[in-house]
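Step one of this worksheet: look at the structure below.
The values are calculated or read from the model by the stated rules, or taken from the named source; none is laboratory data. Bear in mind the structure is a predicted one, so any value in this text is a computation, not a measurement. Cβ placement follows ideal geometry from the backbone for every residue including glycine, while neighbour counts extend to all protein chains displayed. SASA here: full protein model, heavy atoms, side chains in, ligands and nucleic acids out. Shrake-Rupley method; radii C 1.70, N 1.55, O 1.52, S 1.80 Å.
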Number of protein chains: 2
Amino acid sequence: MLSDVMEDYLKAIYVIESESGPPVATSEIAERVDKTAPTVTSMLETLEDRGMVTREKYKGTELTAEGRTVAIEVIRHHRLLETYLAEHLDYSWDEVHEEADALEHHISEEFERRVAEVLDEPQADPHGDPIPSAELEPPTGGPTVPLSACESGDRIVVARVSDRRDEDLAYLADAGITPGTTISVRDVAPFGMVTVGVGDDEQSLPESVAASIHVTPADHADEANADEVHAGEADSDEVHADEANADEADPDATGAGA
Amino acid sequence: MLSDVMEDYLKAIYVIESESGPPVATSEIAERVDKTAPTVTSMLETLEDRGMVTREKYKGTELTAEGRTVAIEVIRHHRLLETYLAEHLDYSWDEVHEEADALEHHISEEFERRVAEVLDEPQADPHGDPIPSAELEPPTGGPTVPLSACESGDRIVVARVSDRRDEDLAYLADAGITPGTTISVRDVAPFGMVTVGVGDDEQSLPESVAASIHVTPADHADEANADEVHAGEADSDEVHADEANADEADPDATGAGA
DNA sequence: CTTTTGAATTAGACACATCTAATTCTGTTC
DNA sequence: GAACAGAATTAGATGTGTCTAATTCAAAAG
């Protein structure tokens, strides 16, 4: 059996791989799990022994198929829990993350099944992140772009919001911006804040807040509900995102922000 | 912060104190938590340093007020979870224990509050054990006696069923005997099996199964529902239990079988 | 090709929870 | 009251996950 801690490392590696592709740097993992680099090195050795990762010394680390499956299962637990807490225990979308982090390692397969069943196999959690299926294939969120890659005049719908920073979530909850919210982009300052229209209001979002929002275009007559933003639609192709912020690029579309 | 493991020790000590009163023997704790005696000794030293227990070397251990409060909180978590799983996630009463054991250390205060709220501050879990209040005072189950202390002809209602042994729970679930079930005692073999009537059936319960059942008399016109067996009633006095099985006595009535 | 620099690893230590084996204590039996 | 039996503790070791300090490496810059 893998410990909770090992699962946390695997989850972190999975997320980083999803965002920037393998191989994953030790320092990146260290930052995510909030441990020192030597600690991470030694854990990576353990995980390698357990067949969860492969690595090249001084180069980087990559998940094995097995390690990836474990990571996806943890993420499924996390997102099912977030969704359950929001829908059945009256948690708001900016409160669920911490609780889910604490519980995700301790629920049984049976619990997972039953939660998924009462939720009717949900496709996305309250942050808009896609929930991996019970078969644990890598979830593919629909194509989305960072809000910062939009340009003035765009009408877009919020697809997902990073669950990493509590302050930003609270800010957005307060601003009435949640997955599914349709907004108009008024102004995008390079590397800076983004001014948007939400309903009748106009809001200026600080950079860190803007960076946590990913969006899809609001056009294709698809004003459907937020839970379906990530559903099918493998057809819809890339949203225009001129190369101004190419360094901030987004090779994921796998929605791994656990 | 106390570790999960420490909480498990405190819970075990609390249960033993409830069953046999302090001081608690190291070997008893060792058996409950399934560790060796030296391991327990060293943990008890730690818990003493933390102010959770007091002890006299070679004699025994006792919870401090603080240790007791921690234990009661863990037990509250456990029983709220058991109840929630049974009522909202379709678990049967003999499945809930293991899941609750895994989760009880990891839920937040907030989670505890919300679960208690949606359950409407339940008084007893699916096994019939009383759920400590949010104020964490020691729960007092109403007076109950072991089934083995009854005699032929008694009509009684099952108050609670030990959650310690899965096999016995499954047996009882199969036999249709759950908290709230009214049964007639046909025959009590000294130190042996108990024959009872349940509805129209007659059943012979093996000793271990009979030992896990605690009952109250079915008389006082109180055919109320099982959840209220433990409610108020500090008035009703001791049930007749002649001293045949006095060694198997039951000084608890605090319902500590977490 | 050498140097530099920042990242990664190795070295060595520590806290925690656990074990087995050896010792010490307590309460009981003769 | 001496001896014994059983329980508890002490002694010493192990595995895991973590740290800081020292070293080694690789990739970039000269």
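Would you mind giving the total buried accessible surface between chains A and B, with a 1.4 Å probe and ligands, DNA and RNA left out, rounded to the nearest 100 Å²? Provide the component values of the computation, followed by the final result.
On the way: alone 13040 and 13030 Å², together 24570 Å².
In total, chains A and B hide about 1500 Å² from solvent.
Here A:Arg165 yields copy-to-copy label distances, from shortest upward, of 5.8 nm, the label point defined as 7 Å from Cα along Cα to C-beta. Within the accessible area of the stretch B:124-192, the carbon and sulfur atoms contribute 50%, probe 1.4 Å, all protein chains present.
Here the convex hull built on the C-alpha positions of the stretch B:145-227 has a volume of 86 cubic angstrom per residue.
Taking all protein chains as they are arranged and a probe of 1.4 Å, the heavy atoms of B:Arg76 leave approximately 10 Å² accessible to solvent.
Label-to-label distance for A:Arg164 and B:Arg113 is 3.0 nm, based on points extended 7 Å past Cα in the beta-carbon direction. Between the stretch A:34-54 and the stretch A:88-115, the alpha-carbon centres lie 27 Å apart. Taking 0.36 nm per residue of separation and subtracting the Cα-Cα distance, full extension of the segment from A:Ser20 to A:Thr39 would add 4.6 nm.
Extension gain, A:Ser3 to A:Ser92, is 29.1 nm, computed as 0.36 nm per intervening residue step minus the present C-alpha separation. For the stretch A:91-115, accessible area lost to neighbouring protein chains reaches 30 Å² or more, against the chain alone with a 1.4 Å probe, at A:Tyr91, A:Glu99, A:Leu103, A:His106, A:Phe111, A:Arg114.
Just the protein heavy atoms count here, and of the accessible area of the stretch B:4-63 at 1.4 Å, carbon and sulfur take up 47 percent.
Compared with the alpha-carbon gap, the fully stretched path from B:Thr140 to B:Arg155 is longer by 3.1 nm at 0.36 nm per residue.
Surface listing: B:Glu137, A:Glu62 arranged by accessible area from highest to lowest gives B:Glu137, A:Glu62, probe 1.4 Å. Cross-link reach is defined here as a Cα-Cα straight distance under 24 Å, omitting same-chain residues fewer than 8 places apart; for A:Lys57 the lysines meeting it are A:Lys11, A:Lys35.
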